[in-house]
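The values are calculated or read from the model by the stated rules, or taken from the named source; none is laboratory data. Nothing here was measured: the structure is a model prediction, and the numbers come from that model. Here the Cβ positions follow ideal geometry from the backbone for every residue, glycine too, while neighbour counts run over all protein chains shown.
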Amino acid sequence: MYNFIIIIIITKGYIIKTKFLKLIILSTLTINLFANMTLYNTVSNSNNSVKQQLQQTNNIVKDNITEDSNDPMTNSSNHEIDYYDLGIIIKLVQSKNFNNQDSKQVEEVEDEIKKITKNINDEVFYPFNNTQYQNELRYLNSKININSKYDNNLAVSRDMLKISILENRKNFADTINSIIDGKNSFKDKKYFVTLLKEQIKRLKKIDIKPFEKEYNEVITQTDPITTAFKDSFITLKSQLKAHSIIYNYLKTNMNEYRPSNFILDDLSLKYVIKKIDSNKYIKHVSETLDYYFHISIGKIVILLIILFIFMIINKKILPFLTKLFNKKLSKKIKTLNISILDIIPDSFRITMSLIIYLFSIQVSLILLIEDANLINKLIPWFNTTYLALFSFMFYRILTNYINESSDKIFNQYPNMRKEMVDFILRIIKILILIFVLLFLLVQLGFDIKAIIASLGIGGIAVALAAKDTLSNFFGSLNIITDNSFSQGDWIKAGNVEGTVVDIRMRTTRIRTFDNGMITIPNAELANLAILNWSKRVIGRRIKMIINITYDSKMSDIQNLVVDIRDMLQNHSEIATSKLHIDKKPYLLKKEDLIGIKNNLLVYIDEYSSSSIDILVYCFSRSPNWEDWLETKQDVIVQISKLVEKNNCKFAFPTQTIYIEKE
């Protein structure tokens, strides 16, 4: 105010005559103004910071109020009616009359629980949204972190109560759905009792005493956060009580949703074991074994009986059943003239024995192990083993069927390739292994979608590591689709020559003519020039040079050429132009495509050093080596006769030496 007055005085035009006084006044004004501005800025910044904190806190409070007013856990009017609506049970549990064991309200609660058992019988699963559950948990945890930062302890307690309510709701849904699954998979009574006992035990461990103390302290307050806390506390308390009542009812009245099973429940082997162990002669020995090795004499006896029963089934009953159905199964398959018994026994004999013994082991373990959780952990492995054995049985039936009927099938369908069928069978085997592995992962609780998604990243590393394997696999596909050669073909590839044994997914095996086995990677073989001697239907070349002596008459030699040509034209095993070949228009020359050669050439070829040479060039009808040798031998014999007939002689290398006498 003082500075302001001085400024006004100066601006109004009052004259201060002393210059020194003017200088002092101006200096004082400058200092005061600078100090005031600094102080004002500091106070302003401080006020803005406080305002921001207050605004943030108000936003949290407003958010809490809005959340509490719209939260479906605190506002029962927003609940959608579903098959497992526990609203009526919770309201009845909250009433004072229920605590006084009012018979009418107890009956009402039982009626509501019977609706739950009816839904279980109708196999109505609890509709629980796990994604929404995870989102709500994350949201509540973030609110707890914010409120903890600003010491909003009551809001933190409110949100912790809501998390407990959500977790209880999820566990209740899982329990109901597990009961329905167990009912469908014919689980024994012990499974359901253990499941419900665990849930009851879990509820008892939830401690709400710290919240109850806090509840009693704020019971008279009516602000929004306090009201939301009190509602959440009452809801959790009532929920715990309601769930406990339901679990106990389901455990006690199990027959309402799961009929008693004589084999699983009433036929108790444990009773027999106790009777054996209580015998006075073996009681002490049995107690000693049970103490040190957790197995008693009674269990050993029962296990031996079980194994003996299954051995009888495997050795006696199964062969008897096989003979019983022998007449029906021995009927021939009309199209293939094969008996079903030619296919099934080899496929079933070993596999069925393994299944029977595996089942006996499973029964024995169930008898020995009393921990239901451990049994539940072993069941997926047994289920996967059963699936693997049945899949193996299916594969054996398929391969046996193809092996038994291969000649008939390939004769009926000549375009079908053996190596293609063999390749498909190998792929089926790999697919079965993958399917069994995925089934095991599902049984163990793994998320298959996540595993498949991870293959996108891991697939790059696998592809790099298995580069050669993949190149060989695609090389086999190229060989099969290109039809360069087939099983049994005589080929020459590089320095390797022999008969193709089989084309596998990675390599091709070739049997050499000296009976050695050579294995070539398909990627390498696909890039080689392959000479296939078996890709010919008619025509294996016969080429020879006939040497006739110079002292033979040319007319006799000409007659000999004509006779040889006529002989070959009329020979039954020589391919000639008389062969019927389909002459329909075709993009490729059919003779070259399927391998037909019928050239026949017989001519006087040249004058050699010691003979007149006749060229004989023709093809045998059969490309088979042995048939070719027989045909060639007969041609040689016939030519020898014709040479003699035409007064000609075979020449042999001769050399005439002239010696001059001096």
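Things to note:
- Comparison of Asp634, Asp627 shows that the only residue that is over 22 Å from Ile557 (Cα atoms), of a type outside the set (Val, Ile, Thr) and assigned to a helix (DSSP H, G or I) is Asp627.
- Annotation: of all residues in the range 490-523 being hydroxyl-bearing (Ser, Thr, Tyr) and under 22 Å from Phe473 (Cβ atoms), the one that is surrounded by the fewest Cβ atoms within 10 Å (Cβ to Cβ) is Thr519.
- Residues satisfying the stated conditions in the range 207-223, i.e. surrounded by 14 or more Cβ atoms within 10 Å (Cβ to Cβ) and not in a helix (DSSP H, G or I): Ile208, Val218
- No other residue among Arg504, Arg541, Arg565 is within 16 Å of Phe423 (Cα to Cα), at pLDDT 80 or above and out of contact with any Leu (no Cβ under 6 Å at 6 or more places or on another chain) apart from Arg504.
- Residue in the range 191-203 that is at pLDDT 85 or above and acidic (Asp, Glu) present: yes
- Count of the range 568-603 residues, restricted to those that are closer than 25 Å to Ile636 by Cα and either modelled with pLDDT under 65 or among the hydroxyl-bearing types (Ser, Thr, Tyr) (or both), is 4.
- Residues that are in contact with a Phe, Trp or Tyr (Cβ under 8 Å, 6 or more places away or on another chain) and not charged (D, E, K, R), drawn from the range 209-235: Phe211, Tyr215, Val218, Phe229, Phe233
- Among residues of the range 524-578, those that are farther than 28 Å from Gly488 by Cβ, of a type in the set (A, V, I, L, M, F, W, C) and surrounded by fewer than 16 Cβ atoms within 10 Å (Cβ to Cβ), counted: 4
- Listed by first and then second residue, the pairs with beta-carbon distance under 6 Å, at least 6 apart or on different chains, first residue in the range 237-265 and closer than 15 Å to Asn171 by Cβ and in the same structural domain as Lys115 (by TED's automatic domain parsing), second modelled with pLDDT under 80 and among the small types (Gly, Ala, Ser), form an empty list.
- Residue check for Asn532: farther than 30 Å from Asp613 by Cβ and at pLDDT below 85: yes
- Looking across the range 380-395, the residues that are surrounded by fewer than 17 Cβ atoms within 10 Å (Cβ to Cβ) and in contact (Cβ under 8 Å) with a residue 40 or more places away in the chain come down to Pro380, Trp381, Asn383, Leu387.
- For the range 639-653, the set of residues classified as in a helix (DSSP H, G or I) and surrounded by 15 or more Cβ atoms within 10 Å (Cβ to Cβ) consists of Ile639, Leu642, Val643, listed by residue number.
Conditions tested, residue by residue: (1) at pLDDT below 75; (2) hydrophobic (A, V, I, L, M, F, W, C).
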residue	(1), (2)
Arg417	yes, no
Met420	yes, yes
Leu431	no, yes
Phe435	no, yes
Ala461	yes, yes
Asp468	yes, no
Leu477	no, yes
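- Residue check, Tyr150 at pLDDT below 90 and surrounded by 19 or more Cβ atoms within 10 Å (Cβ to Cβ): no
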